[in-house]
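The values are calculated or read from the model by the stated rules, or taken from the named source; none is laboratory data. As the structure is a prediction and not an experimental result, all values here were calculated from the model. Heads up, the Cβs are rebuilt from the backbone with ideal geometry, glycines too, and the neighbour counts pull from every protein chain shown. To get the accessible areas, we keep the full protein, side chains included, count just its heavy atoms, and leave off ligands, DNA and RNA. Shrake-Rupley method; radii C 1.70, N 1.55, O 1.52, S 1.80 Å.
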Amino acid sequence: MLYSRNRGLDIRNLTVEYQGGQAALKSVDLFLPEHSIYTILGPSGCGKSTLLRSIAGLIKTYHGEISYNGKALHGQDQVLIGLVPQNYGLLPWKTVQSNIRMAMRISNSGTLTKQQQEQQITNWLESMGIADLAHRYPLSLSGGQQQRVAIARAFAISPQIMLLDEPFSALDAITREEIQRIFLGNWNSLPTTTLFVTHDVEEAILLGEKVIMMTSNKEDPLIVMDNPLFSIKPEEKRDSEQFFQLSKEIRKVMQEKW
Ligand SMILES: Nc1ncnc2c1ncn2[C@@H]1O[C@H](COP(=O)(O)OP(=O)(O)OP(=O)(O)O)[C@@H](O)[C@H]1O
């Protein structure tokens, strides 16, 4: 499928200051084309979550502009944003299935019949390998299982923009690789405009069409690295020379600028 590269999420001169604090973000510029997925790496405290929360509309007071397809993002009711926050954001008093159902209702996936909606919930749960958890409550699940539910929920609402804040951090290495593959498969079937924050260099390369690096100096512009590996099959990426080269480049920036 071909998409226009002029459309997308456009962040210009974004500055965020928390009350009484210093700037958490300073003059950030980033353009994410529609239907692209960029990963973000940066040292702890550089403002990655703040960036996602600002785009999600959870931080209301910022300077600068955040627009989507040419219009201010937060004035547009019809732009649906799926956020997977670090704490998963699941309602503890609702079952897994009800958490997803409720998100679909609020986001008004309203053109679906009840039966279609239930089928979608089952499909997304199955795609994340957690269909058997449908009737469990979030607090009875492991961190990794809750992360999968949060991701299934984000896909289920068919958002135009998806924001993920270290969504695989609670997974062991083997499960993480499996989920990365499943996630990418899901993303390819629903290529939502996506920003994916991670602390893991390999993950950033495996999932990102470009890798965005934030640095500890808030005056520095974001570093945008092209990822020639993006279209290669996931199982072939890790062993390629380009993978090795790109991780070397990223680690160099980490050493110099983190
Ligand atoms: N609610 C808040 N009130 C005041 N300061 C905050 C608040 N949330 C974050 N900060 C500060 O803003 C800066 C950026 O925080 P943020 O959580 O965005 O960083 P991060 O890059 O996501 O960090 P991490 O990788 O550790 O999750 C930090 O200095 C943090 O202490």
Enumeration of residues in region 109-135 that are of a type in the set (S, T, N, Q) and part of a helix (DSSP H, G or I) = Gln115, Gln116, Gln117, Gln119, Gln120, Thr122, Asn123, Ser127
task = Evaluate the following for Gln180: is it touching an Asp or Glu at 6+ places or on another chain (Cβ under 7 Å) and not β-branched (Val, Ile, Thr)?
result = yes
task = Tell me which residues, restricted to region 18-32, are touching a Ser or Thr at 6+ places or on another chain (Cβ under 9 Å) and either more than 8 Å from the ligand (Cβ to nearest atom) or acidic (Asp, Glu) (or both).
result = Ala23, Lys26, Ser27, Val28, Leu32
task = Go through region 52-75 and give me each residue that's part of a loop (DSSP other than H, G, I, E, B) and surrounded by 13 or more Cβ atoms within 10 Å (Cβ to Cβ).
result = Gly57, Leu58, Ile59, Tyr62, Asn69
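Per-residue answers, yes or no, for (1) hydrophobic (A, V, I, L, M, F, W, C); (2) surrounded by fewer than 17 Cβ atoms within 10 Å (Cβ to Cβ):
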{"site": "Ser140", "(1), (2)": "no, yes"}
{"site": "Gly143", "(1), (2)": "no, yes"}
{"site": "Ala154", "(1), (2)": "yes, no"}
{"site": "Ile161", "(1), (2)": "yes, no"}
{"site": "Glu166", "(1), (2)": "no, no"}
{"site": "Gln180", "(1), (2)": "no, no"}
{"site": "Thr194", "(1), (2)": "no, no"}
ask   = Filtering region 88-122 down to residues that are of a type in the set (S, T, N, Q) and under 13 Å from Ile157 (Cβ atoms), which residue is least open to solvent (accessible area, probe 1.4 Å)?
value = Asn99
ask   = For region 37-49, does any single residue satisfy the condition of being of a type in the set (Gly, Ala, Ser), surrounded by fewer than 16 Cβ atoms within 10 Å (Cβ to Cβ) and touching a strand residue (DSSP E or B) at 6+ places or on another chain (Cβ under 7 Å)?
value = no
ask   = Of everything in region 238-258 that's among the polar types (S, T, N, Q) and touching a residue at least 12 places away in the same chain (Cβ under 8 Å), which residue is surrounded by the fewest Cβ atoms within 10 Å (Cβ to Cβ)?
value = Gln242
ask   = Cβ-Cβ below 8 Å, separation at least six or inter-chain, first residue in region 170-191 and free of Cβ contacts under 8 Å to residues at least 40 places away in the same chain and closer than 17 Å to Asn123 by Cβ, second of a type in the set (A, V, I, L, M) and open to solvent by less than 20 Å² (accessible area, probe 1.4 Å): which pairs?
value = Phe183/Ile151; Phe183/Leu207
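Residues checked against (1) hydrophobic (A, V, I, L, M, F, W, C); (2) within 16 Å of the chain's Cα centre (by Cα):
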{"position": "Asn13", "(1), (2)": "no, no"}
{"position": "Glu17", "(1), (2)": "no, no"}
{"position": "His35", "(1), (2)": "no, yes"}
{"position": "Thr50", "(1), (2)": "no, yes"}
{"position": "Ala72", "(1), (2)": "yes, no"}
message = Suppose we filter Asp220, Asp132 for residues that are farther than 28 Å from Pro92 by Cα and at pLDDT 90 or above; which single one remains?
response = Asp220
request  = Name the one entry in Gln86, Gln97 that is part of a helix (DSSP H, G or I) and in contact with a Ser or Thr (Cβ under 9 Å, 6 or more places away or on another chain).
outcome  = Gln97
query = Would region 179-191 turn up any residue that is among the basic types (Lys, Arg), more than 16 Å from the ligand (Cβ to nearest atom) and in the same structural domain as Thr39 (by TED's automatic domain parsing)?
reply = yes
message = I'm checking my understanding of the structure. Among residues of region 210-237 that are open to solvent by less than 70 Å² (accessible area, probe 1.4 Å) and among the basic types (Lys, Arg), which one is nearest to the chain's Cα centre (by Cα)?
response = Lys210
